[in-house]
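S.K.: Dropping a structure here in structure tokens format, bear with me for questions.
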Amino acid sequence: MSSLRTERQSTGATPGAGVLETRLTGLSQEEFARDVWARTALFTRRASDFSDLFSAEAVDELIARRGLRTPFLRVAKEGSTLPEQSFTSPAGVGATISDQLDDTAVWRAFADGSTLVLQALQRTWEPVADLSARLSTELGHPVQANAYVTPPHNRGFDDHYDIHDVFVLQIEGTKRWVIHEPVHRDPLRDQPWTDHRSAVAEAAKGKAHIDTVLEPGDTLYLPRGWLHAAQAQGNVSIHLTLGIHTWTRYTLAEHLVQSALAMLRDDLQMRRSLPLGVDGPAEEIDFVRKRLVAAVTDAESAPLFHRTRRGQGRPAPLGPLAQLKTVDGLRPESPVRLRAALEARLEGLRLSTRVGWLDFPEADLPSVTRLLDGEVSTAGDLGVELVRRLLRAGVLVPAEP
């Protein structure tokens, strides 16, 4: 067996462990952060039983019965993505939207060797959505989920790298993965593999870092930038890809500069026009540089960062009818809890969340602070009118007693 940094076999998880340990790697969060995260690829044999997450039946239901539209499906063959018009059509009376999936066209493309890519499953398939939300909370980075359904002996895409980290979870069938080290390490969102096409093709000819066949229950972690290509073996292959859209120091720098520029809008000297006839304005550039450095030094970018982070995901589902029933039947003994995945943050007297913000009187702060721990509380403990307000805002939801 190879070293931990390349391959391992799951040996079970400790009680109360998170998704990383129980479903994906068998490593604790501390071990994964220290030895693997953003550093190296990791192949884990028999990480978990994924039959509760996804299946061939789930693929058929999503394509044939859910009325999905593009871009919830991509179809790829021999490294190219097919045009959407080739597998979509209007759906008939009462559903004449032109870009709904045409299951007959999808079937023909699949039978002809195309790979089906069901995208954004964190929005359309509840078990995958739940796992994605838990993993996102654990990692502190947004997570999306796609499923790749590949006919026997076919590959959907040539050697390439992704601009986000991924966990690959093999669901059904087997797939051979060939992994090479990066030619452009830690690419940003605007640095796709096509910018380095020739280097990627050349590197793919060299000795692989990992060359293995994933079986059901196996996982593979790839940091962004790691080259990979995969080919189904003798049967249809279904795997999930959990894409981690990592925050970077460059992202923080972007927010810092945006905050600084916002401050400079209020600087009259910065708003003044340049002198007439300026040729090579070195003095002006020096003046602006000094003002910009001062603004960056004084800028507070955390609020902008947290607003952007909240916008990268959605809160846990909220059922309107169950919510109304809870509001109408609210009693002091009614159990409630904070809605999951809200990215709630208390800043002074303001609670900012993915569903908006609320200001509170100082007397309510102890109760608001208490509900942020995520535990179940009763309306009487927090204050019935406060709870009613938070239920109506979609911040609290009914809980099991």
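The values are calculated or read from the model by the stated rules, or taken from the named source; none is laboratory data. Model, not experiment: these values are computed from the prediction. Cβ sites come from the backbone with ideal geometry, for glycine too, and all protein chains shown count toward neighbours. Side chains included, ligands, DNA and RNA excluded: accessible areas come from the protein's heavy atoms. Shrake-Rupley method; radii C 1.70, N 1.55, O 1.52, S 1.80 Å.
S.K.: Report yes if some residue within segment 254-267 is over 16 Å from residue 42 (Cα atoms), assigned to a helix (DSSP H, G or I) and of a type in the set (S, T, N, Q); otherwise report no.
M.R.: Restricting attention to segment 254-267, the residues satisfying the condition of being over 16 Å from residue 42 (Cα atoms) are 254-267.
Imposing the further condition that a residue be assigned to a helix (DSSP H, G or I) reduces the set to 254-264.
In the following step, the residues that additionally are of a type in the set (S, T, N, Q) were identified as 258-259.
Yes, segment 254-267 contains a residue that is over 16 Å from residue 42 (Cα atoms), assigned to a helix (DSSP H, G or I) and of a type in the set (S, T, N, Q).
S.K.: Here's something else I'd like to know. Is it true that residue 127 is touching an Asp or Glu at 6+ places or on another chain (Cβ under 9 Å), touching a residue at least 60 places away in the same chain (Cβ under 8 Å) and open to solvent by less than 40 Å² (accessible area, probe 1.4 Å)?
M.R.: no
S.K.: Continuing with this model, one more query. Report yes if some residue within segment 86-94 is open to solvent by 40 Å² or more (accessible area, probe 1.4 Å) and in contact with a Gly (Cβ under 7 Å, 6 or more places away or on another chain); otherwise report no. Lay out the reasoning, then the answer.
M.R.: Applying the first criterion (open to solvent by 40 Å² or more (accessible area, probe 1.4 Å)) to segment 86-94 yields 86, 90-91, 93-94.
In the following step, the residues that additionally are in contact with a Gly (Cβ under 7 Å, 6 or more places away or on another chain) were identified as 91.
Yes: segment 86-94 contains one or more residues that are open to solvent by 40 Å² or more (accessible area, probe 1.4 Å) and in contact with a Gly (Cβ under 7 Å, 6 or more places away or on another chain).
S.K.: Follow-up. Does residue 39 qualify as being open to solvent by 80 Å² or more (accessible area, probe 1.4 Å) and either more than 18 Å from residue 156 (Cα to Cα) or part of a strand (DSSP E or B) (or both)? Steps first, answer last, please.
M.R.: Working: open to solvent by 80 Å² or more (accessible area, probe 1.4 Å): yes; either more than 18 Å from residue 156 (Cα to Cα) or part of a strand (DSSP E or B) (or both): yes.
Taking the combined requirement at face value, the residue satisfies it.
S.K.: Now for a separate question. List pairs: first in segment 173-195 and free of Cβ contacts under 8 Å to residues at least 60 places away in the same chain and over 26 Å from residue 238 (Cα atoms), second of a type in the set (Lys, Arg) and crowded, with 18+ Cβ neighbours inside 10 Å, Cβ under 9 Å, 6+ apart or cross-chain?
M.R.: Between residues of segment 173-195 that are free of Cβ contacts under 8 Å to residues at least 60 places away in the same chain and over 26 Å from residue 238 (Cα atoms) and residues that are of a type in the set (Lys, Arg) and crowded, with 18+ Cβ neighbours inside 10 Å, the close pairs are 185/224; 187/224.
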